[in-house]
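The block underneath contains the structure these notes are about, expressed in structure tokens.
The values are calculated or read from the model by the stated rules, or taken from the named source; none is laboratory data. These figures come from a predicted structure and were not determined experimentally. Glycine gets a Cβ as well: all are built from the backbone with ideal geometry, and neighbour counts include every protein chain shown. Just the protein is used for accessible areas: all its heavy atoms, side chains included, with ligands, DNA and RNA removed. Shrake-Rupley method; radii C 1.70, N 1.55, O 1.52, S 1.80 Å.
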Amino acid sequence: MKKRLLVLRRCEPAVHVHHVAACRRRRKRVIYCECQKNHAASIGGHAVDGCREFMAEGEEGAIGALKCAACGCHRSFHRRVQECEVVCECSSLPLWRQ
């Protein structure tokens, strides 16, 4: 059996295809992208600061790890993306690649 490495970019519900049944999750990683905090919400508008990626202000485990060094917002205001790495052990191509 030839092993294939399939990397999915977001943790979506599993696709119900018989070839995927042999796949198993290997690693899950969470990254935080652009800031979505609405700075003009109090006056009824919509304005974001333009911060493109969360950068922790402190080390992991410290209080500053949850605050962005670029915009000063809490990590929860940044868009969360989960990346999953999936390994499939199958000898033929999946149906969606045929």
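Out of the residues in the stretch 60-84 that are assigned to a strand (DSSP E or B) and either free of Cβ contacts under 8 Å to residues at least 24 places away in the same chain or open to solvent by 40 Å² or more (accessible area, probe 1.4 Å) (or both), which is farthest from Val48 (Cα to Cα)? For the stretch 60-84, the residue satisfying everything is Gln82. Taken together, the criteria place Arg27 among residues that are assigned to a strand (DSSP E or B) and at pLDDT below 90.
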